[in-house]
Amino acid sequence: MKWLAIPTILSMLAMPAVAQTEGLVAIPTALYCGQTSSDNETRLKEQYGELLFLEGEGEVMSPNATLSYQGRVKMFLDPRDGSYSVFLELEGDLTCLIVTGEQIAPSRQGDDI
């Protein structure tokens, strides 16, 4: 029986080393969500000058690495000052704020984009 325990213990000791080489660190966060409404886009435009800029299917990982929240990702942008907001629309009429920020700009400009 001792011989069975040794490989198990050795494999458990190797796990942290594998996790460190992967370079991933889980940082718990919170999603702030509210009811999905067509008024949301109007409010973003009127209050922040942000217009719908990009959208597509996406997901956000949960604190449990085996779970995720999947839905429609929408990015809004104010082209004048670079303020932006990214939302995830979930089934059941729920919209969650993923990130918001200021002074976003292309990292590359010109013909090579």
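The values are calculated or read from the model by the stated rules, or taken from the named source; none is laboratory data. It should be emphasised that the depicted structure is a prediction, and the values quoted were computed from it without experimental measurement. Cβ sites come from the backbone with ideal geometry, for glycine too, and all protein chains shown count toward neighbours.
Below are the figures for this structure:
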{"quantity": "Test result for Ile98, modelled with pLDDT of 90 or more, among the aliphatic types (A, V, I, L, M) and under 29 Å from Leu24 (Cα atoms)", "calculated": "yes"}
{"quantity": "Scan of the range 21-66 for residues that are free of Cβ contacts under 8 Å to residues at least 40 places away in the same chain, of a type outside the set (Ser, Thr, Tyr) and under 14 Å from Leu90 (Cα atoms), ordered by number", "calculated": "Glu55, Gly56, Glu57, Gly58, Glu59, Val60, Met61"}
{"quantity": "Tabulated pairs, the range 83-94, first touching a residue at least 12 places away in the same chain (Cβ under 8 Å) and among the aromatic types (Phe, Trp, Tyr), second surrounded by fewer than 17 Cβ atoms within 10 Å (Cβ to Cβ) and assigned to a loop (DSSP other than H, G, I, E, B), C-beta under 8 angstrom, 6+ apart or interchain", "calculated": "Tyr84/Glu102; Tyr84/Ile104"}
{"quantity": "Subset of the range 66-95 (residues that are among the basic types (Lys, Arg) and either in contact with a strand residue (DSSP E or B) (Cβ under 7 Å, 6 or more places away or on another chain) or at pLDDT 95 or above (or both))", "calculated": "Arg72, Lys74"}
{"quantity": "Top-ranked residue in the range 31-60 [being of a type outside the set (Asp, Glu) and more than 24 Å from Gly82 (Cβ to Cβ); ranked as surrounded by the fewest Cβ atoms within 10 Å (Cβ to Cβ)]", "calculated": "Ser38"}
